[in-house]
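The following block contains the structure, expressed as structure tokens.
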Amino acid sequence: MTFYQRRLHVLLIEDQQCQVELLKVLLESQSFFAVQLQVTRTLAQGVNRLQSGIFDTILLDLFLPDGQGIGALTTVQKFAPHIPIIVLTAATDLNMGLAALQKGAEDYLVKEHLRESQIAKAILYALERKKARRQLQVQIERERLMARILEEIRQSLDLSVILQTTVDEVRKFLQADQVVIYRCYSPHVRRILAAAPSSSLFSSGDRRYGPQRGPDSNGEPTEPIPCQTINSFRQLPMNEMTLGPRAKDGVLIVPIRPQKPHQEDCLWGQLVVRVGDQQRSWLPWEIEFLCHLSSQVAIAIQQSALFAQVHYLANMDGLTGIGNRRYLDNFLEQQWQKLAKRHQYLSLVLCDIDFFKQYNDTYGHLRGDECLKEVAKLIEKVIKRDTDLAARYGGEEFALVLPQTNHQGCQVLVAHLQTIFKQAQIPHRSSLIQPHLTLSIGSATMVPSPNLVPKELIDRADRALFKAKRAGRNCHFSFAD
């Protein structure tokens, strides 16, 4: 009974006919495996045969007409790096055999002492050693990949970067056709958040959450990263909830379950990998690899959510829930640098609640706080783009930063804000101009320049606001006026 169920293909590179005949007899008479032997007489012929055929092992004489010693071995290794090589030496060349082992040969055999069991065992041992080394090499490659993915994930707190990095690396390493990560908000509401190849996806709107859209009580943004729909993934079995890895029809689904403090594991979403061959069997190490990766992604998701929550708290006004002065200054600086490179307009609107001290004296400071919240909501209503920002400038003053908005566009937006305020009719019986709340507004528009600073824009809007107050309040002036 043979150890190998299939026939082993052996290439013999030997120029001495008597040795060739002997090896044929020994290989055919051993009972460990069936063998198909091919013979070449020179090193060049052996290399040509390696390039045109598939072999399990190579028997190489180290003294050939066109190649001798370690040079012959290295030549064969160059064309067959993954095939085990057993070298053949004479009794007087034992040192050469040892040198061949140091250079990567699997074994060496002394021609004068060849026995059928000896050569059979040498081939079997060579195959097993090569297989073990290959498995070790693959394991090292997997661990290196895992380390690289984890390093890239840990370097970013941006959830979209984390997820896209994951699907790109998984597709590349497993040579999969498609990989997606989708978020499960409920049993009936799901969104694909990252996919590879990314060229197969189109976005249904790039609504990126800014600090004015804070996280919910779980630390996740109330508006997630862009929802992306992928036609080629509509056939994936994403409607089936699974708490463990599941393989079916060339698709492997692995759950992503972040563990929250004092809570049981919850299903955040799933990592889905698809290959073209529906009959493909997923190897245990592939499933284990993806399960370990999904657990690391779950940790990264928790860290990203925590960062979003901290970022939100650090940049939001605690009373009104819109951006604070710190965030306003940072945002304005970023937009200034960005638009200066593009030579595009940047507008700033400053708003001041008229006679707010009298409002507090009349209604009390608690009602005054509620008034500030209402004003913040009204100001946010005029924002139509995610690139715009509403912030509390200080006290009863508010600001709107409007990137890529020229003077005319700014005037239209301010007119809309005045209409909203007039319709709101927030009572203010202590006002000296109207029985309801009013605003004094100043605005300015510039094309940012690297030679100037954002304070120039703030000063212009502030001077326009001062002019509106001097003109009797409840009006709007722009710096251009």
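Near Lys248, which lysines are there with a Cα under 18 Å away, not counting those fewer than 8 places off in the same chain?
none
Using a cut-off of 19 Å between alpha-carbon atoms, which lysines can reach Lys338, once sequence neighbours fewer than 8 places away in the same chain are excluded?
Filter leaves Lys455.
Hey, another quick one. Based on the alpha carbons, how large is the Rg to Rh ratio for the stretch 1-153 when Rh follows Kirkwood? Walk me through the numbers before you get to the answer.
Values: Rg = 17.0 Å, Rh = 16.4 Å.
Rg/Rh for the stretch 1-153 comes to 1.04.
Would you report the distance distribution of C-alpha pairs in the stretch 319-434 as whole percents per 10 angstrom bin, up to the bin with the largest distance?
13, 43, 30, 12, 2
Please report the relative contact order for the chain, taking Cα pairs under 8 Å with a sequence separation of at least 6, and give it as a percent rounded to a whole number.
Relative contact order comes out at 9 percent.
Moving on. Report, largest value first, the span of the C-alpha coordinates of the stretch 384-423 along each principal axis, in whole Å.
Extents along the principal axes, in whole Å: 27, 23, 17.
Here's a follow-up. Compute the separation of the alpha-carbon centres of the stretch 1-56 and the stretch 69-133 and state it in Å as a whole number.
13 Å
Might you report the magnitude of the Cβ-based charge dipole of the chain about its Cα centre, with Lys and Arg at +1 and Asp and Glu at -1, to the nearest 20 debye? List each step's numbers first, then the result.
On the way: 56 positive and 50 negative charges, 222 e Å.
With Lys and Arg at +1 and Asp and Glu at -1, about 1060 debye.
Can you order the peptides 126-139, 245-258, 64-77 by their average number of other Cβ atoms within 10 Å per residue, highest first?
Values: 126-139: 12.9, 245-258: 18.4, 64-77: 16.8.
With the highest mean Cβ count within 10 Å placed first, the list reads 245-258, 64-77, 126-139.
For the pair Ile426 and Val453, what calculated FRET efficiency results from E = 1/(1 + (r/R0)^6), where r is the Cβ-Cβ distance and R0 = 45 Å, to the nearest 0.05?
Working: r = 36 Å, r/R0 = 0.80.
Approximately 0.80, to the nearest 0.05.
Now for a different question. Keeping every protein chain in place, order Glu143, Glu288 by accessible area at 1.4 Å, biggest value first, i.e. largest first.
Numbers: Glu143 105, Glu288 130 Å².
The ranking, largest first, comes out as Glu288, Glu143.
Could you look at the chain and say what percent of its accessible area is carbon and sulfur, using a 1.4 Å probe and all protein chains?
Working: 12510 of 24640 Å².
Here it works out to 51 percent.
To continue, here is another question. Taking only protein heavy atoms into account and a 1.4 Å probe, give the accessible area per residue of the chain in Å².
51 Å²
Then there's this: Let me check the size of the chain from its C-alpha atoms; what are the radius of gyration and Dmax in Å?
Here Rg and the maximum Cα pair distance are 36.8, 120 Å.
Give me the extension gain from Ser52 to Ser186: residue separation times 0.36 nm, minus the current Cα-Cα distance, reported in nm with one decimal.
Numbers: separation 134, 0.36 × 134 = 48.24 nm, distance 5.59 nm.
42.6 nm is the gain from fully extending Ser52 to Ser186.
Between Arg463 and Ile433, 0.36 nm times their residue separation minus their Cα-Cα distance comes to what? Numbers along the way, then the final one.
Values: separation 30, 0.36 × 30 = 10.80 nm, distance 2.16 nm.
Extending this stretch completely gives an extra 8.6 nm.
What's the extension gain from Asn406 to Asp249 if we count 0.36 nm per residue and subtract their Cα-Cα distance? Each step should come with its number before you reach the end.
On the way: separation 157, 0.36 × 157 = 56.52 nm, distance 5.58 nm.
Extending this stretch completely gives an extra 50.9 nm.
What percent do you get for the relative contact order of the stretch 303-413 when only Cα pairs under 8 Å and 6+ apart count?
Computed value for the stretch 303-413: 35 percent relative contact order.
Which lysines have a Cα less than 29 Å from the Cα of Lys111, not counting those fewer than 8 places away in the same chain?
Counting by Cα, and skipping residues close in sequence, Lys111 has these lysines nearby: Lys24, Lys78, Lys103, Lys121, Lys130, Lys131.
Report, as a whole number in µm² per second, the diffusion coefficient that Stokes-Einstein gives for the stretch 1-85 at 20 °C and 1.002 mPa s using the Kirkwood radius over alpha carbon pairs. Don't skip to the end; give the middle numbers.
On the way: Rh = 13.3 Å.
Translational diffusion coefficient: 162 µm²/s.
The values are calculated or read from the model by the stated rules, or taken from the named source; none is laboratory data. Note that this is a predicted model, so its numbers are computed, not measured. All Cβ positions, glycine included, derive from the backbone under ideal geometry; neighbour counts span all protein chains shown. In case anyone asks, the SASA skips ligands and DNA or RNA and just uses the protein heavy atoms, side chains included. Shrake-Rupley method; radii C 1.70, N 1.55, O 1.52, S 1.80 Å.
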